[in-house]
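First the structure, in the form of structure tokens, and then the observations on it.
The values are calculated or read from the model by the stated rules, or taken from the named source; none is laboratory data. Please read these numbers as outputs of a predicted model, since none were measured by experiment. Please note: Cβ atoms are built from the backbone with ideal geometry, for glycine as well, and neighbour counts cover all protein chains shown. The accessibility values were calculated without ligands, DNA or RNA, using every heavy atom of the protein model including side chains. Shrake-Rupley method; radii C 1.70, N 1.55, O 1.52, S 1.80 Å.
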Amino acid sequence: MNVGIVGLGLIGGSLGLELRSLGHYVLGVSRREETCQLARRQEAVDEASAKLAPLANAEIVFICTPLAVIAPTLEQLLPYLDPETVLTDVASVKMPVVETVSPKWSNFVGGHPMTGTAEQGIAAAQIGLFTETPYVLTPTETTPKAALRQVETVARSLGSQIYFCPPQDHDRAVAWISHLPVMVSASLIAACRSESNPAILELAQQLASFGFHDTSRVGGGNPELGVMMARYNRQELLRSLGQYRQSLDQLMSLIEQEDGQALEQLLQSTNQARPQFFSRKHHTGNPSNTTLGG
Ligand code: NAP
């Protein structure tokens with residue numbers, strides 16, 4: 001099959017490597033010639049350029065650019081597409097993309113491969129990035145069944161675990177497990193840095209070990225991704241932050257009241273609940289390798 005990929009970065013490049021290894025012909029498009037050259041050299045594409053015209057020959061096109069440029073990319077792309085071409089994307093927030101693309105291209109299926117590394121760009125592209133990781137597809141009532149089946153088949157062939165849900169459910173769920181943790185982790189680092197005694201702050205920095213390493217990791221990542229979450233998933237992020245503030249208030253009041261029994265009950269329930277977030281049978285990767293965007 002002829003597959004088009006617009007945006008040859010970490011996700012687009014890795015997709016190209018994988019699809020070529022499966023025997024597909026990959027037509028790549030990226031903004032910079034340097035990126036196209038590297039993609040060709042890495043054999044992530046069969047051909048690549050900054051021109052969208054070759055995508056007229058693609059049966060399916062993946063938009064893998066940063067979220068902020070999906071809308072302008074779409075406008076430039078549409079005149080070249082064959083009416084039968086299936087369009088999909090990989091963005092980490094779904095409602096704004098589905099609302100933008102669906103009215104303009106009916107053969108569209110929103111998607112989000114929940115994977116990543118700490119790196120970005122074509123140089124970081126790698127084979128196996130999608131293996132045994134969730135790939136969420138977000139059809140709506142108007143999504144053509146045939147288009148959905150086609151994207152599902154390709155995503156499954158990458159070795160991903162497929163999930164289906166409405167775009168708004170996706171955004172609400174990822175707010176809890178991806179976007180809220182970034183903000184909580186960032187505010188943890190900011191709160192520690194507000195220590196007024198420089199000697200104590202320095203001592204804390206010297207003593208920081210595994211616990212702080214785990215809890216601060218996603219808050220110390222790429223700032224652009226955090227800003228993207230706040231911009232495109234604002235409502236759901238604010239909802240989860242509001243609930244988190246209530247949880248903090250509840251904890252504070254138990255500590256203030258020296259209610260050790262209630263505190264223990266609460267910590268017992270979180271102790272029992274945590275494994276439910278990691279119970280996917282297929283999950284074999286190291287979660288510490290994945291980034292904010294995944
Ligand atoms: P990335 O590594 O920075 O790659 C994005 C690529 O898009 C860049 O290499 C850039 O190529 C290209 N690009 C930028 N503007 C463009 C334009 N106007 N036209 C064509 N190409 C353009 O980013 P990424 O991590 O792959 O993320 C891409 C998408 O995947 C985002 O929508 C993100 O939400 C989603 N996603 C990311 C992750 C993650 O963990 N990283 C996980 C799941 C989904 P040039 O060098 O040519 O400018």
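Scanning segment 223-273 for residues that are closer than 19 Å to L188 by Cβ, touching a residue at least 60 places away in the same chain (Cβ under 8 Å) and either open to solvent by 100 Å² or more (accessible area, probe 1.4 Å) or touching a helix residue (DSSP H, G or I) at 6+ places or on another chain (Cβ under 7 Å) (or both) yields G226, M229, L237, S240, L241, Y244.
Does L74 meet the test of being free of Cβ contacts under 8 Å to residues at least 60 places away in the same chain, assigned by TED's automatic domain parsing to the domain that holds A125, more than 8 Å from the ligand (Cβ to nearest atom) and part of a helix (DSSP H, G or I)? Here the answer is yes, as L74 does meet what is asked.
The residues of segment 206-258 that are outside any helix (DSSP H, G or I) and either of a type outside the set (D, E, K, R) or not assigned by TED's automatic domain parsing to the domain that holds S187 (or both), listed by number, are A208, S209, G221, N222, N233, Q257.
Do the conditions hold for S30, that is, is it in contact (Cβ under 8 Å) with a residue 60 or more places away in the chain and in the same structural domain as V151 (by TED's automatic domain parsing)? In short, yes. Right, I189: open to solvent by 70 Å² or more (accessible area, probe 1.4 Å), in the same structural domain as G226 (by TED's automatic domain parsing) and β-branched (V, I, T) or not? In short, no. Of all the criteria given as (1) open to solvent by less than 50 Å² (accessible area, probe 1.4 Å); (2) hydrophobic (A, V, I, L, M, F, W, C); (3) not in a loop (DSSP other than H, G, I, E, B), the one not satisfied by W105 is (3). Looking across segment 108-124, the residues that are in a strand (DSSP E or B) and within 7 Å of the ligand (Cβ to nearest atom) come down to H112, P113.
As for segment 215-222, it holds no residue that is open to solvent by 80 Å² or more (accessible area, probe 1.4 Å) and without any contact (Cβ under 8 Å) to a residue 24 or more places away in the chain.
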